[in-house]
Each structure stands twice: as C-alpha cells, then as structure tokens.
C-alpha cells in the first residue's frame, strides 16, 4: 500500500511569485486535506477536497486555492506569495468525506521558503 | 479561542522514564474525535491514536496509553519506558468538523 506522497520536498520562491504543490493520496483514499505548519507551531487547516469538490476551508485568504483530480491526487496553489507563507505544507488523505470520522494520514510535506 | 491546548512546551527525560503529555480541548459538539500524532525531525506527522467522544475507556497499546476524561475535556497521552527514538514533537488534535492541532510538545529522551 502506497502512502501519501508530496512534491517537491523543498522549494524556494520570491515574494509575489506563484507556487503549486502536489500531493498523491494513499491508495483507497478519496479525501485530501492541506495544512500549513509555520516553524514551531502546530499545523493549521487550509482546506479539504472530497471527490473533486472543496469540502471545508480554514481561515486562509482566496490566494490559497486547490484542486483535486479524478484519481484523487491534489494540488495546492498559492498566488502572490508573501514572506509569511514560508512554512511546511502538509497533505493528508483519508478514506471518505465524513468530517471527523476518519483518521488522516500525512505525507512528508513540502518546505517552502519565500525570500 | 484556542481549541486544543498543550501546556507543556518541552519535556526532557532519561531513557526508560515514563512521559505524560497533557492535552485540553474545547468544543461545543457532542460528537468529536481526538488524536495524537508524532512528528519526528523528518517532518512527517505519524498517526498514533484516535478516540471518539463516546468512548471514555482508557487503553494501552504497547508502550502507549491514554487517559480520556470528558468531564475535564482532557486527553492525556503516556509513553511508558521511553526510548531515544521517541524523541519528537507530539501533537494533540481535535476533529469536530476539521482537524485542529495544539501547539505541540517537544519530547527529548536522553540515553
């Protein structure tokens, strides 16, 4: 069984640029959630996708957007990057779209540095 | 208001000592789930345990055990006979409609 994978592992961008992060969910999982983890803090929920539809969103501005594809892989896009966007971005997958009822399994994350 | 509070920032122990991590949560829902995750230096969050709000039975799984008390909104986690490989940041999380994490407790186990 393949776990959650993310790419790239590290990324350096400059302010104002745009970035796309990718995630492949664990086999058999159709729900993907994205989290931002700043240094020394706990992960913060960005949004969740279930069967290609956004299924909940945290307190993040619209320049954070996402997609989920028919194979349940997902992208996180961030436009107009700011210095505070520097963080570890974590993707998690779970078996279904029932919020609160499934365990989420996390990928290794993408470390984004914005200069 | 913070939904999950982990009051301990750092804990340092010598190998074979027990470590107890505190977690207090806040929710208005009657149905919710509580989790503990471990984050080693590599960065990946590793699932450890899950508990639903209707089951207050405390259990032991290997060297891990947990104490869920709904009356005090606490979900504490204990590592028995700690090992150096247990060194990591441990996160408590609440899932009522989305997963909310605490700030984490850094556990250092010295040989």
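The values are calculated or read from the model by the stated rules, or taken from the named source; none is laboratory data. Here the structure is a predicted model, which means the values were calculated and not measured. When we count neighbours, we look across all protein chains shown, and the Cβ atoms used for this are built from the backbone with ideal geometry, even at glycine.
Here are the numbers for this structure:
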{"quantity": "Strands (runs of 3 or more DSSP E) fully within the range B:1-49 counting 1 or more residues that are at negative phi and more than 14 Å from chain A (Cβ to nearest Cβ)", "calculated": "B:10-14, B:19-21"}
{"quantity": "Lone qualifier among B:12, B:74 - being under 15 Å from the mean Cα position of the chain (by Cα) and surrounded by fewer than 17 Cβ atoms within 10 Å (Cβ to Cβ)", "calculated": "B:74"}
{"quantity": "Counted residues, the range A:23-56 - those being closer than 23 Å to residue A:82 by Cβ, more than 11 Å from chain B (Cβ to nearest Cβ) and without any contact (Cβ under 8 Å) to a residue 24 or more places away in the chain", "calculated": "1"}
{"quantity": "Odd one out for residue A:62, checked against (1) in contact with a helix residue (DSSP H, G or I) (Cβ under 9 Å, 6 or more places away or on another chain); (2) surrounded by fewer than 16 Cβ atoms within 10 Å (Cβ to Cβ)", "calculated": "(1)"}
{"quantity": "Qualifying residue in the range A:11-20 (condition: out of contact with any helix residue (DSSP H, G or I) (no Cβ under 6 Å at 6 or more places or on another chain), more than 30 Å from residue B:10 (Cβ to Cβ) and buried (at least 20 other Cβ atoms within 10 Å of the Cβ))", "calculated": "no"}
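Yes/no per residue for (1) modelled with pLDDT under 95; (2) in a loop (DSSP other than H, G, I, E, B); (3) under 18 Å from residue A:10 (Cα atoms); (4) more than 14 Å from every other protein chain (Cβ to nearest Cβ):
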residue	(1), (2), (3), (4)
A:59	yes, yes, no, no
A:71	yes, yes, no, yes
A:89	no, no, yes, no
A:98	yes, yes, no, no
A:101	yes, yes, no, no
